[in-house]
Amino acid sequence: MSYNEVGDLRFFSTLVDSGSLTAAARSLGTSPAAVSRRLARIEARLGSMLVIRNTRHFGLSETGRLYYERGLAIVADIDHLEEEISSSTRAPKGTLAIGAPVELGRRQIAPFIAAFSARHPGLNINLALASEGVYDVSDSLDVVLRLGLPDTPGAVVTRLASTMRVLCASPDYIRRRSLPGHPRELVRHDCLCLRRNKTMALLNRWAIGNDTETEVVTVEPRLSTTNAEIIHDWALSGQGIAYKLLCDVYQDLEEGKLVRIFPDLQGEKIDLYAVLPSRQHTRASIRAFMNELRPYIRTAGFMVQG
């Protein structure tokens, strides 16, 4: 395949993704007439009409759809090959946009990105934080970190690690109220519960157990909120018992600011996923980010897969 033929495939994918000759011309920095002439040359070379176009309609013919779909795969393979050849000697550069849940992003991913940026000064990195389930890769993000399995059609989804929920409280709360002796005794304690955004549904069924038996306790919260960081802050200030992700509180547990209740038991297991746009997952910057994130999260309250 010649250089011009590859260029035609890239041109045609831009044209189709833009949805019109005029929009494609804006994207390519040229005129609609120039776009129309290049399209006509491609159709003449192939001997087939690729685009059905008139004043009211812009759509692909059957051969046009085949050319577009196969062309995307060919261009992706070429990009992949070039990336593999050059990435060993090329430092990551450009812009990298990362999405993450608020508490995980602020407490774990933000410090990692600061250190990662120092190792890769050619990168400009954006970190977007939002409630879990809000962001996906259609939001102009290169990597989205998700707690819980995402449903993102067409994306590359990789399970990175797992964490679990644990029961914890501050030493001050334990001094005042003592430790529960059994999970069922949680109903007599001050509990701090999350609520779902918008619906305000209360997440007050706490599962705690081991490999053979799990107890599910329904607690009545003294305090509740839709924000996981507020639950964390309430627990630190002695307001009650929280059912928190280990990745969010492991450092406070290590420093003694929080005490794990029932340390031989564990709560719900939660997996951490990375979601990547399928056509970008081989970029050197994304690959470097993923490769360096894995050993980091091993020290941050996660159990790494594989």
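The values are calculated or read from the model by the stated rules, or taken from the named source; none is laboratory data. Given the structure is predicted, the values throughout are model-derived calculations rather than measurements. Cβ: placed from backbone, ideal geometry, glycine included. Neighbour counts: every protein chain shown. Accessible surface areas use protein heavy atoms only, side chains included; no ligands, DNA or RNA. Shrake-Rupley method; radii C 1.70, N 1.55, O 1.52, S 1.80 Å.
Worth a mention:
- Any chance LEU72 is outside any loop (DSSP other than H, G, I, E, B), open to solvent by 30 Å² or more (accessible area, probe 1.4 Å), modelled with pLDDT under 90 and within 30 Å of ILE113 (Cβ to Cβ): no
- Qualifying position, being open to solvent by less than 30 Å² (accessible area, probe 1.4 Å) and either touching a residue at least 40 places away in the same chain (Cβ under 8 Å) or closer than 14 Å to LEU9 by Cβ (or both), among LEU46, LEU50, LEU60: LEU50
- Only residues that are open to solvent by 50 Å² or more (accessible area, probe 1.4 Å), at pLDDT 90 or above and either aliphatic (A, V, I, L, M) or under 16 Å from MET290 (Cβ atoms) (or both) were counted in the stretch 260-280, giving 0.
- Residue check, LEU123 at pLDDT 90 or above and open to solvent by less than 40 Å² (accessible area, probe 1.4 Å): yes
- Close Cβ contacts (under 8 Å, 6 or more residues apart or on different chains) running from residues in the stretch 212-226 that are at pLDDT below 95 and of a type in the set (Asp, Glu) to residues that are open to solvent by less than 70 Å² (accessible area, probe 1.4 Å) and in a strand (DSSP E or B) comprise GLU215/ALA207; GLU215/ILE208; GLU215/GLY209; GLU220/CYS191.
- Residue within the stretch 227-239 that is open to solvent by less than 40 Å² (accessible area, probe 1.4 Å), at pLDDT below 95 and either at negative phi or assigned by the TED database to the domain that holds ALA130 (or both) present: yes
- The set of residues in the stretch 169-194 that are at negative phi and assigned to a loop (DSSP other than H, G, I, E, B) comprises SER170, LEU179, PRO180, GLY181, HIS182, HIS189, ASP190.
- Taken over the stretch 6-35, residues that are out of contact with any helix residue (DSSP H, G or I) (no Cβ under 6 Å at 6 or more places or on another chain) and more than 22 Å from ALA76 (Cβ to Cβ) amount to 7.
- Test result for VAL216, within 23 Å of the chain's Cα centre (by Cα), among the β-branched types (Val, Ile, Thr) and not in a helix (DSSP H, G or I): no
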